[in-house]
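Below is one structure; the comments refer to it alone.
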Amino acid sequence: MKNRIQELRKELKIRQEDLADAVGVTRQTIISLENGKYNASLQLAYKIARYFGKQIEDIFLFEEG
Amino acid sequence: MWLNQLFGNNSIDIAKRCRTRMKVGAGFMVLGAAAIGMVFLLKGGTPALDLNTDVGEFISEYYTGLGVALMAAGAALIIKNRRYLKNPQLLKKREVAENDERNRLIGLRCWAYTGYAMFLVLYIGILISGFISITVLVVLQAVIAIYALILLAFRILLNRCM
């Protein structure tokens, strides 16, 4: 699953560390999410979406197949 | 429900967990002391632990080593967790690391892959030990059977609480 975390984070000039602190995960998890190595749980996806003030589907792009 | 408390994907109360770990550390130290105490108590020689033979000597050294290692591990556990409890910044960092969903997933997968590897190693051990010692073969077979039973028990437990 692709996501727009890096894009939104850079747009808002937020550090990975700050995002990690805000959603209660480690910086490494944010790095893995941005690199597409790890898919967030629904709970984390919701927290990230809420942090950016967006809907989950605006950040996490579901790809069929 | 206690099953959910134990296996559910709940967030961890790190201070509580540190205190529990300190208690576990104290338990380790008691077990270690018991192992060392046993060696001293049975120095006279008993049918179960005959310290007058070579085997007895080995076992006495083995239990002493085991006891010292357990006591050291217990002390390390207590010191480490006490450090976390005394430093709120360190405790917060630890809380994030232990609650982090990716870390938890990695931890679970580590156990799972280790389990698969263990099963394979035991199976290979059984195949090889048949040519060397029947006792070892029977022991390994018992271990793999108990392992499979524990696996089944956890499957049932997890099915109930998830």
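The values are calculated or read from the model by the stated rules, or taken from the named source; none is laboratory data. Just so it is clear, the structure is predicted and the values come from calculations on it, not from any experiment. Note: ideal-geometry Cβ built from the backbone for every residue, glycine included; neighbour counts use all protein chains shown. Heavy atoms of the whole protein, side chains included, go into the accessibility calculation; ligands, DNA and RNA do not. Shrake-Rupley method; radii C 1.70, N 1.55, O 1.52, S 1.80 Å.
Numbers for the structure displayed
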read-out	value
Segment A:37-65 and segment B:112-162: distance between their alpha carbon centers, rounded to Å	40 Å
Lys, Arg +1 and Asp, Glu -1 on Cβ, resulting dipole of the protein assembly as shown about Cα centre, debye, nearest 20	960 debye
From phi via Karplus (6.51, -1.76, 1.60), per-residue ³J(HN,Hα) for segment B:78-91 in Hz, x at Gly/Pro	5, 4, 4, 6, 5, 4, 5, 5, 7, 10, x, 5, 5, 5
Taking N as its residue count, the alpha carbon Rg of the protein assembly as shown over 2.2 N^0.38 Å	1.43
Kirkwood Rh and Cα Rg combined as Rg/Rh, segment A:2-61	0.89
Two-decimal log10 I(q)/I(0) for segment B:51-162, as the Debye equation yields it once each C-alpha is a single scatterer, q = 0.15 Å⁻¹	-1.07
Amide H within-cut-off set for A:ASN3, under 5 Å, with H built and near neighbours excluded	A:LEU61
Inter-chain Cβ neighbour average for residues B:97-104, partner chain, 10 Å	5
Average accessible surface area per residue within chain B, 1.4 Å rolling probe, Å²	72 Å²
Nearest-0.05 FRET efficiency for B:GLU61 and B:LYS93, computed from C-beta distance (R0 30 Å)	0.15
Neighbour count of at most 11 Cβ within 10 Å plus DSSP loop: longest trypsin sites (Lys or Arg not before Pro)-free window in chain A	A:38-65
For segment B:102-116, Karplus couplings with θ = phi - 60° (6.51, -1.76, 1.60), whole Hz, Gly/Pro x	5, 4, 5, 5, 4, x, 5, 5, 4, 4, 5, 5, 5, x, 4
At R0 = 35 Å, FRET efficiency that the Cβ-Cβ distance of B:LYS80 and B:ILE146 yields, to 0.05	0.65
Averaged over A:18-26, number of beta-carbon atoms from partner chains that fall within 10 Å	3
Cα→Cβ-extended label distance, 7 Å offset, between B:LEU157 and B:CYS110, nm	2.0 nm
Rough spin-label spacing in nm, given labels placed 7 Å along Cα→Cβ, for A:MET1 and A:LEU42	1.0 nm
From phi via Karplus (6.51, -1.76, 1.60), per-residue ³J(HN,Hα) for segment B:64-70 in Hz, x at Gly/Pro	5, x, 4, x, 5, 4, 5
